[in-house]
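Okay, so here's the structure we're looking at.
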Amino acid sequence: MALSQRLEFRQTQALVMTPQLMQAIKLLQLSSLDLAAYVETELEKNPLLERGSDEETAPVNGEAAEAAPEPAAAGSSDDWIGETMGDGLGATSRSSMEEALGTELENVFPDDGGEKSAPAEVPPPAYSEWSGAGAGGADEDYNLEAFVSAETSLAEHLAEQMALAITDPARRMIGQYLIDMVDEAGYLTGDLAGVAEKLGAPLADVEAVLAVLQTLEPSGVCARNLTECLAIQLKERDRYDPAMQALVAHLDLLAKRDFAALRRVCGVNEEDLVDMIAEIRSLNPKPGLAFGSTLVQPIVPDVFVRPAPDGTWQVELNSDTLPKVLINQRYYAQVSKGVHNDKEKSYLADCLQTATWLVRALDQRAKTILKVSSEIVRQQDAFFAKGVQYLRPLNLKTVADAISMHESTVSRVTANKYMATPRGIFELKYFFTSAIAAADGGEAHSAEAVRHRIRQLIDAETAADVLSDDTIVEKLRAAGIEIARRTVAKYREAMRIPSSVQRRREKQAAAS
């Protein structure tokens, strides 16, 4: 077969991740603090961008602020034109923006269906302008600090352990709320009754979750006072006998060095008291300090949820977390008059394109967060009205289908975003709980309700009729809950309930 040259035409479709699209994806999942740092970097790099004044008002209900005046001609007394979050841009920047974005950003941020202007002839930005976080480039110094691992905080350490120790969604939310109340020394601040009232949960559940948190590492964490902190550590060492309990309860005598009174209270001789005091001194009174004094950043909510007069819930964006960015069109018009070569024209056009893209991306990001948050509030209305026990099973696909977005977009929106509600501040991802399918095809059951049903069945069994996991599966299916045996075993082990064989032995031993 002879080799020859020829021309062919082929038509193919492919999804191309352009630099603008990758930056749009990154922008969507940034937290408010990271977004502010990113915008600050862009303000330093781009001479056409300007930080909005304090008088500028960012949108709080998903609607753009009032449109700014049309672009003024050169020599006008109006120095700054543009619009916070981008909806009030003039025709020049709007057309440049549409050319810069094309249809790529539509895959991440759905457009509202507005008519587009004719694209202007603006060259695409160099890839080096978009590669890396901030003003990254091949010519810059190698940043070794980018490879330094972040220090784990006490709250993060406790949250990782809690995810394994508590599987119930409602109790996990209570646990996260309590972890947020732990100070740097490892002590729990606040009142449990207030927490129960705030979350709408029974006080017994809050106390049960606290008991689990007090078993986590470091030993003694989540204690409410020094006495409880030392008692937790002594119990873990199996040294919390009545004499030691009396010593811990009278730490004031130990501080006064009133050893005679301590011997009478504890009922021990002098040698035993010396050993007990040495044991107390070996404990850690501030277990949380093992993680260092990490700078704690206060959580700034991205969304506010307030009760409306008509009984519904009002969802608003926090305007303080929305960067206010303006475009200096008059400066662009003045500078473009003095451009003499293609390199300067390309740089100036690239700055305008980057600025217009950023303004619109910020606007679309705010609208997307508001849309996802509003749907979460609608789905979890019972939680806001009645408390944590009424959390509904919810997943990303349910929210994505309801607002006509992709699951990946909802996942990015819920990352590192917080919602301030009458029951406290929660991360958006905390409202997503697993579901158990119904056997008759009806409404799904939440995992929390299924675990509660399993516990009820086991608590009602007798020594002569101990339920195996297979029997529990049959009873649940008869009640309309479709569940696998391995799932029942997983839930039972998570609730620290022994197997049917162990339960039978314990009940028979108790009856004999």
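Quick notes
- Measuring nothing but how far apart in sequence close Cα pairs (under 8 Å, 6+ apart) lie, relative to its length, region 237-344 scores a relative contact order of 13 percent.
- Backbone HN-Hα couplings from phi across region 171-186 [Karplus 6.51/-1.76/1.60, Hz, Gly and Pro as x]: 5, 5, 5, 4, x, 5, 5, 5, 4, 5, 8, 7, 7, 5, 7, x
- Residue order for 433, 462, 41, fewest other beta carbons within 10 angstrom first, comes to 462, 41, 433.
- Ordering 219-230, 308-319 by mean Cβ neighbour count within 10 Å, with the highest value first, yields 219-230, 308-319.
- Annotation for residue 238 and residue 319: the two label points, set 7 Å from Cα along the Cα-Cβ direction, are 6.3 nm apart.
- Each Lys and Arg contributes +1 and each Asp and Glu -1, all at the Cβ; summed about the Cα centre of region 347-416, the dipole is approximately 180 debye.
- Paramagnetic reach from residue 227 in region 238-257 [backbone N under 14 Å; point 7 Å along Cα→Cβ]: 244-255
- Gained length - residue 471 relative to residue 415, 0.36 nm times residue gap less alpha-carbon distance: 16.2 nm
- Relative to the current alpha-carbon distance between residue 284 and residue 271, full extension at 0.36 nm per residue lengthens the span by 2.4 nm.
- For the pair residue 208 and residue 159 in one chain, pulling the backbone fully straight at 0.36 nm per residue adds 16.0 nm over the alpha carbon distance.
- Burial ordering of 418, 390, fewest other beta-carbon atoms within 10 Å first: 390, 418
- Legend: ranking of residues 250, 340 from fewest to most surrounding C-beta atoms inside 10 Å; resulting order 340, 250.
Every read-out reported here was derived from the displayed coordinates using simple, explicitly stated rules and does not represent laboratory data. Here the structure is a predicted model, which is why all the values come from computation and not from measurement. Methodologically, a virtual Cβ is constructed for each residue, glycine included, from the backbone with ideal geometry; neighbour enumeration extends over all protein chains shown.
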